[in-house]
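A.B. asks: Got a structure for you, written out below as structure tokens; questions coming shortly.
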Amino acid sequence: MMSRLRLLLPLAWRNLWRNPRRTVITILVVGVGLWSILSFAVLLEAWSRSSRDTTLKLTTGQIEIHAQGYLDDPTVAHRMAPPSGDLEQLLKSSEFQTFASRVRVGAIVQSEYKTLPVTLIGASPDAERKVSVIPSQVRDGRYLSGADDTGIVLGRNLVRRLKTRVGKRVVLMVQAADGHLAERAFEVVGVFAAPEQTENEFAFAGIKTVQTLTGIADGISEVVAYSGSDDALPELVARLRKAAPGLDIQSWATIAPLEYAVSTLFNQFILMWLWTMFALMAIGIVNTQLMAVFERTREFGLLQALGMRPRLVLFEVALESTLLIGVGVALGVVLALLSVQAFPNGLDLGFLGRGAEMVGAGHILYLHVNPADFALYSLLVWVMSVLATLWPARRASKVSPVEAMARAAI
Amino acid sequence: MTAIVECRGVTKHYRLGTIDVAALRGVDLTIDKGDFASLAGPSGSGKTTLLNAIGGLDRPTKGSIKIEGHEITALNANALADLRLRKIGFVFQAYNLIPVLSAVENVEFILQLMGVEAAARRARAKEVLRDVGLEGLENRRPARLSGGQQQRVAVARALASKPAIVLADEPTANLDTKTAEDLIALMSGLNDRLGTTFLMATHDARVISRTRRHIVISDGGITSDERRKLAEAEPA
């Protein structure tokens, strides 16, 4: 084997540079093709992750826990106690990355100009920072400073509609636990940016302040929890239900079915699109390789005439294309890595304005190289292209040397 | 005399579309060790077809071909490749050197295929290149050699494995008169000095006049086979 390699390796390498234009074109076809596949895979994966985060990391969790009946009638009447016992133990285990408790109640917000409906969320800022991106999206003022913060954080568009601003006061009215309408003035301490619907819908205040306002003592409306991947969700939901049999525990697939379906479909679409791109590129490479090998039939005939066994001719061709495609694959991988490196702080979609939100993505796409995907696509391109050269080479090696050498001159 | 090649009743038919073409019609021919033979005949007479059949490049439709007593018509592709590697040297009209290899590497390539160890094959390659008068040009690639020099490399390559016979197909067809005569003199000298057996398909009168045996083929059959002394065969 080694002696065969010593015989054929210099021949294969020099053959590649015998026709530099053809070699460079093939390397470019493979390199640019693979680069486009790898880069788009990274981009689409970032888009998919961003759109999932946009759904899950605003106010929806991966898993939500409520009192029975809350989802049908989201009032403080359907409240629950803070997690304790088995439930708390499980939520604090390594199965979960983080969780947060909230009070979530329908409210009316009133400025001196306008009265609008909102959903008031009583949040614990430290826990909230781990489950939601909203605390990091404050564009004016500040986020809540503690569970008993008496200020309120509103969405940018809501602030505009209420004609209010940071430092001014608004009044919130909610239905309290005893059924009467409770109201309280809050100072606007911060304005957050998010998709327009979220900006209009949600207002955030300290959880203790809201608990006091609604008269529910330490009662809460929901717990949102994150485990990371969606794969283990059904199992985790089952375990949580076992730990807290009296509560309504759902994954986001149930709570936000449309977003879940879109995210799942989008991932499938990415996969299909990538494979289509992959197939098109493979056809291009195969075609180039077929032409390159067929036009060298005479040369292979000569090698056989000189006494090279057909199998060795095949090996020589395979070696040549392994080297050739290998250089192209390396080029594609390097280009793709450089492309990802070019955006260390993510790809800012600010230029798309609200358009990006409409199709579900965040403002910034964080590009992330998945080594397994890179290895898989690169290896597939490499192996398929080498296999594609073997077929015409095998045909060439089956032709008698006389017939092969009768073809066009070297 | 020892027979190197023995052809008995060799027939070759081609199909050209729907037409059956008989290229060889029962050729009987023996080439002896040390023969310096020309195979002449008009275009389409079957010269190259016979040469290809003897060299194991093509299979006859019928008949028997023996090289050094071994029947080759029933050999498979691998065995035929081995036969060509070890027993037959080829010189083609179009030189057919491997363009990416230097002169010495082209010669060495055959020895590498045979599994000869590096130092021995380099020494042998240089020796045969010296025999064909290419000392000093060993490291040139074919593109930097003249037609005559390339054909000499091809002869050196054919001789490298010390084959039973060298088959040359129109070896002078692409060469000018002076270069062609030099090449014929070279092959004749190799035949004299080393006893190498040559069979050359040609219709070049200069080649024919320098061979000691002159075989004529016409319409796929041998029509004359004449042995002569070189002195009688000087050009008219």
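No value in this document is a laboratory result; all are computed from the given coordinates. Note that the structure is predicted; figures quoted are calculated from it, not measured. For neighbour counting, all protein chains shown are included, and Cβ atoms are generated from backbone atoms with ideal geometry for every residue, glycine included.
A.B. asks: So if R0 is 60 Å, what FRET efficiency would B:S218 and A:R21 give, r being the distance between their Cβ atoms, rounded to the nearest 0.05?
C.D. replies: Here the calculated transfer efficiency is 0.80.
A.B. asks: Here's another thing I want to ask about it. Could you work out how far apart the two model spin labels at A:L116 and A:D148 are, taking each label as a point 7 Å from the Cα in the direction of the beta carbon, and quote it in nm?
C.D. replies: Spacing of the two 7 Å Cα→Cβ label points: 3.1 nm.
A.B. asks: Let me ask you something else. Order of B:M187, A:M272 from fewest to most other C-beta atoms within 10 Å?
C.D. replies: On the way: B:M187 28, A:M272 10.
Going from least to most buried by this count: A:M272, B:M187.
A.B. asks: Turning to a different aspect of this structure: Starting from the Cα of B:E181, step 7 Å along the direction of its Cβ; do the same at B:L194; then give the gap between the two resulting points in nm.
C.D. replies: 2.4
A.B. asks: A follow-up question, please. For chain A, just run the numbers: alpha carbon Rg, then divide by 2.2 N^0.38 Å, N being how many residues it has.
C.D. replies: With N residues counted in chain A, Rg over 2.2 N^0.38 Å equals 1.44.
A.B. asks: Could you give the size of the charge dipole of the stretch A:63-255 about its Cα centre, using +1 on the Cβ of each K and R and -1 on the Cβ of each D and E, expressed in debye and rounded to the nearest 20?
C.D. replies: 760
A.B. asks: Quick one: Debye curve from the alpha-carbon atoms of the stretch B:94-142 only, equal weights, vacuum; give me log10 I(q)/I(0) at q = 0.14, 0.15, 0.27 Å⁻¹ to two decimals.
C.D. replies: With one equal scatterer per Cα and no solvent, log10 I(q)/I(0) is -0.30, -0.35, -1.05.
A.B. asks: With a Förster radius of 51 Å, plug the Cβ-Cβ distance of B:E117 and B:R206 into 1/(1 + (r/R0)^6) and report the FRET value to the nearest 0.05.
C.D. replies: Working: r = 40 Å, r/R0 = 0.78.
Result of the calculation: an efficiency of 0.80.
A.B. asks: A further question follows. Set the Förster distance to 22 Å, then compute FRET efficiency between A:D218 and A:L181 from the Cβ-Cβ distance, nearest 0.05.
C.D. replies: 0.50
A.B. asks: Further, regarding this structure: Sorting B:H70, B:H214 on the 10 Å Cβ count, fewest up front, what's the list?
C.D. replies: Exposure proxy ranking, most exposed first: B:H70, B:H214.
A.B. asks: Considering every residue in A:297-306, what mean count of other chain Cβ atoms within 10 Å of its Cβ is obtained?
C.D. replies: For this peptide, the per-residue mean of nearby foreign Cβ atoms is 5.
A.B. asks: Could I ask something else about it? In percent, how large is the relative contact order of chain B, given Cα pairs closer than 8 Å and 6 or more residues apart? Mind showing how you got there, number by number?
C.D. replies: Values: 480 pairs, mean separation 64.9, N = 236.
Dividing the mean separation by the residue count of chain B yields 28 percent.
A.B. asks: Calculated from DSSP H runs of 4 or more alone, at -39500 (n - 2.57) each and per residue, what is the 222 nm mean residue ellipticity of chain B, nearest 500?
C.D. replies: -11000 deg cm²/dmol
A.B. asks: Under the definition of partner shielding as Cβ atoms of other protein chains within 10 Å of a residue Cβ, what is the mean value for peptide B:77-84?
C.D. replies: 5
A.B. asks: Across the residues of B:112-122, average count of Cβ atoms on other protein chains within 10 Å?
C.D. replies: For this peptide, the per-residue mean of nearby foreign Cβ atoms is 2.
A.B. asks: List the pairs from A:K130/A:K163; A:K398/B:K87; A:K57/A:K242; B:K87/B:K178 whose alpha-carbon separation is above 28 Å, in the order I gave them.
C.D. replies: A:K130/A:K163; B:K87/B:K178
A.B. asks: Could you give the longest part of chain A that holds none of the GluC sites (Glu not before Pro) found in DSSP loops with at most 16 neighbouring Cβ atoms within 10 Å? Intermediate results must be reported in sequence, preceding the final value.
C.D. replies: Numbers: sites that count: A:E95, A:E112, A:E295.
Answer from the scan: A:113-294.
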